[in-house]
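For reference, the structure discussed in these notes is given below.
The values are calculated or read from the model by the stated rules, or taken from the named source; none is laboratory data. Being a predicted model, the structure only gives us computed values, none of them experimental. Methodologically, a virtual Cβ is constructed for each residue, glycine included, from the backbone with ideal geometry; neighbour enumeration extends over all protein chains shown.
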Amino acid sequence: MLLALLAGVLIAGFPAQARDKAEAEEAARRLASMFEEQRFEFRAEAWVKDLGPEVGKAVRVQLFKGNDYRFCIAVPPDSGVHVTAAVLDLDGKPTGEIEPVLDGWGCVLSFKPSKTGVYVVAVHQEKSGKQREVPCALMTGYR
């Protein structure tokens, strides 16, 4: 009986988690759609991972000199969590321009690398929002 109850609780939790991940990805795609009119091509797949309040995430990306990149980052808009991000250059220094979403649930990074190489997009929660684990999505676009 206890095992059946535990299984029911676990199964009931999955749809909410899947819904939150889908909401984060949809929010990032909405941000990306604003740049498609400007001829940015976005990769079909999104990076989606849980983002905790204590430790951010680092996403490695291969970038090419001469391309103009947009990184659209979002958590579920109704989560109350605020996010920020930066591109770390080849020396590990933050760079790029950030445009936060008014309600804090997302941001867009703009970056044009001067050298081809592997860069890192560092994402973390801001103290101004709720502090809890939440799914975070990143869409990468270039032109």
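Condition check ((1) charged (D, E, K, R); (2) in contact (Cβ under 8 Å) with a residue 60 or more places away in the chain; (3) part of a strand (DSSP E or B)) across all residues:
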{"position": "Asp91", "(1), (2), (3)": "yes, no, no"}
{"position": "Ser114", "(1), (2), (3)": "no, no, no"}
{"position": "His124", "(1), (2), (3)": "no, yes, yes"}
{"position": "Gln131", "(1), (2), (3)": "no, yes, no"}
{"position": "Ala137", "(1), (2), (3)": "no, yes, yes"}
Residues (modelled with pLDDT of 95 or more, closer than 23 Å to Gly104 by Cβ and in a loop (DSSP other than H, G, I, E, B)) located in the range 53-79: Val75, Pro76
Single unsatisfied condition, Gly141 versus (1) closer than 24 Å to Glu26 by Cβ; (2) in a loop (DSSP other than H, G, I, E, B); (3) touching a residue at least 12 places away in the same chain (Cβ under 8 Å); (4) not charged (D, E, K, R): (2)
For Glu99: the one exception among (1) farther than 20 Å from Met34 by Cα; (2) at pLDDT below 95; (3) in a strand (DSSP E or B): (1)
Subset of the range 24-45 (residues that are more than 22 Å from Glu126 (Cα to Cα), in contact with a Lys or Arg (Cβ under 8 Å, 6 or more places away or on another chain) and of a type outside the set (Phe, Trp, Tyr)): Gln38, Arg39, Glu41
Single residue of the range 64-81 satisfying the filter (surrounded by fewer than 21 Cβ atoms within 10 Å (Cβ to Cβ) and in contact with a Gly (Cβ under 8 Å, 6 or more places away or on another chain)) that is nearest to Ser114 (Cα to Cα): Pro77
